[in-house]
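*Asks:* Before I ask anything, let me first share the structure, which is written out below as structure tokens.
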Amino acid sequence: MTQPPVCDYEGSDYQSSFWDRGDRAYEDGVEAVALKRLLPKAGRLMLELGAGTGRNTPRYVGFERVVLVDYSRTQLQQAQARLGNSGRYVFVAADIYRLPFVDGVFDAATMIRTLHHMADAPKALSQIKQALQPGATFILEFANKRNLKSILRYWTGRQTWSPFTPEPVEFAALNFDFHPQTVFGWLDELGFKRERILTVSHFRMEFLKRTLPASLLARMDGFFQPTGAWFQLTPSVFVKATAVGGTKREIPADPRLFFKCPACGYSPLDNTRDDQLTCPSCGKKWGFKDGIYDFREAIE
């Protein structure tokens, strides 16, 4: 049992039920627009947190290599089937509260539709900051507590919790909405410099999605996304930030050298066996099977 608790999509049909058959073409389209605006043109090593089945991964076209992290092994297997095993992608099953990466190895990271599952969001963000080089780009998406729909529901008595208070609201088990200023404060305290804010999903209304083509709605949304610099009233907010300070490490060619022991923090790990990595310090063993590194639980 991990602490804080982890939202585990193991065995879930999330990709097919939510994205492929769930009438989410509009949401997918607006995220593509936001990422195109915010992503660096090029980079060496991208860390994708909460990668799931790799829905957004093909959008990181400028990066030489992408490391996909998810707690669910089955989600990563679906990502493998989608992306292939060309060597450009590294698949890692890990707990975001105990990331198994050496300090300062990534020059960019994204976390999209993932923070809303974090019971301890600052702890997760601190782990990400530690893995980033100084000057690295971090693109964070979060579910906005202070969105227009929540405000109207609160004012009309159809919602008990206030969208204006700073604390996160857990509207379902391990599903959290956050106040924008709270998230911005966490980023500032951890040593991120906020560069740009976009508001996303302005038209997430069922009657509009049934009436207008998703591609048209996405283009319309793209027109309004830059208003996030002044106010945030949409259900989804994207932040582009730059990591300030920290460690800069040469990015190794061998992906096995990306890792540290998530139990004790030691690196490098012994990689003399093909099926596991072993920590020379604490002796814990971490599995590698079918192209997926597994740092969730040590091998007995």
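The values are calculated or read from the model by the stated rules, or taken from the named source; none is laboratory data. Here the structure is a predicted model, which is why all the values come from computation and not from measurement. Don't worry about glycine lacking a Cβ; one is built from the backbone with ideal geometry, like all the others, and counts go over all protein chains shown.
*Asks:* Given Leu76, Leu45, Leu49, which one is at pLDDT 95 or above, of a type in the set (A, V, I, L, M, F, W, C), over 21 Å from Gln130 (Cβ atoms) and crowded, with 17+ Cβ neighbours inside 10 Å? Working first, answer last.
*Replies:* Numbers: Leu45 fails: over 21 Å from Gln130 (Cβ atoms); Leu49 fails: over 21 Å from Gln130 (Cβ atoms).
None of the others qualify; the one that does is Leu76.
*Asks:* Residue by residue through segment 202-240, note down the ones that are among the aromatic types (Phe, Trp, Tyr) and at pLDDT below 95. Steps first, answer last, please.
*Replies:* Taking segment 202-240 and keeping what is among the aromatic types (Phe, Trp, Tyr), we get 203, 207, 223-224, 230-231, 238.
Selection gives Phe207 alone.
*Asks:* Here is a check on your reading of the model: is Glu64 in the same structural domain as Ala214 (by TED's automatic domain parsing), in a strand (DSSP E or B), among the acidic types (Asp, Glu) and crowded, with 20+ Cβ neighbours inside 10 Å?
*Replies:* Against the criterion (in the same structural domain as Ala214 (by TED's automatic domain parsing), in a strand (DSSP E or B), among the acidic types (Asp, Glu) and crowded, with 20+ Cβ neighbours inside 10 Å), Glu64 does not qualify.
*Asks:* Just give me the residues in segment 245-268 being among the polar types (S, T, N, Q) and surrounded by 17 or more Cβ atoms within 10 Å (Cβ to Cβ), in sequence order. Outline the logic, then answer.
*Replies:* Taking segment 245-268 and keeping what is among the polar types (S, T, N, Q), we get 247, 267.
Matches in segment 245-268: Ser267 only.
Okay, residues lined up against (1) of a type in the set (Lys, Arg); (2) farther than 30 Å from Gly246 by Cβ; (3) assigned to a loop (DSSP other than H, G, I, E, B):
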residue: Gly157; (1), (2), (3): no, yes, yes
residue: Pro163; (1), (2), (3): no, yes, yes
residue: Gln181; (1), (2), (3): no, no, no
residue: Phe184; (1), (2), (3): no, no, no
residue: Glu195; (1), (2), (3): no, no, no
residue: Leu198; (1), (2), (3): no, no, no
residue: Lys209; (1), (2), (3): yes, yes, no
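Here is a yes/no grid of residues against (1) of a type in the set (Lys, Arg); (2) crowded, with 22+ Cβ neighbours inside 10 Å; (3) assigned by TED's automatic domain parsing to the domain that holds Val183:
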{"site": "Arg219", "(1), (2), (3)": "yes, no, yes"}
{"site": "Ala243", "(1), (2), (3)": "no, yes, yes"}
{"site": "Gln276", "(1), (2), (3)": "no, no, no"}
{"site": "Cys279", "(1), (2), (3)": "no, yes, no"}
{"site": "Glu297", "(1), (2), (3)": "no, no, no"}
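*Asks:* Which of (1) farther than 30 Å from Ala243 by Cα; (2) touching a Phe, Trp or Tyr at 6+ places or on another chain (Cβ under 8 Å) is the odd one out, the single condition Arg146 does not satisfy?
*Replies:* Evaluating Arg146 over (1) farther than 30 Å from Ala243 by Cα; (2) touching a Phe, Trp or Tyr at 6+ places or on another chain (Cβ under 8 Å) leaves (1) as the failure.
*Asks:* When you look at Phe106, is it modelled with pLDDT of 95 or more and in contact with a helix residue (DSSP H, G or I) (Cβ under 9 Å, 6 or more places away or on another chain), yes or no? Walk me through how you get there before you give the answer.
*Replies:* Values: modelled with pLDDT of 95 or more: yes; in contact with a helix residue (DSSP H, G or I) (Cβ under 9 Å, 6 or more places away or on another chain): yes.
Yes, satisfied.
*Asks:* Could you please let me know if Phe231 is surrounded by fewer than 21 Cβ atoms within 10 Å (Cβ to Cβ) and assigned to a loop (DSSP other than H, G, I, E, B)? Break it down into steps so the answer makes sense when it comes.
*Replies:* Numbers: surrounded by fewer than 21 Cβ atoms within 10 Å (Cβ to Cβ): yes; assigned to a loop (DSSP other than H, G, I, E, B): yes.
So Phe231 passes the test.
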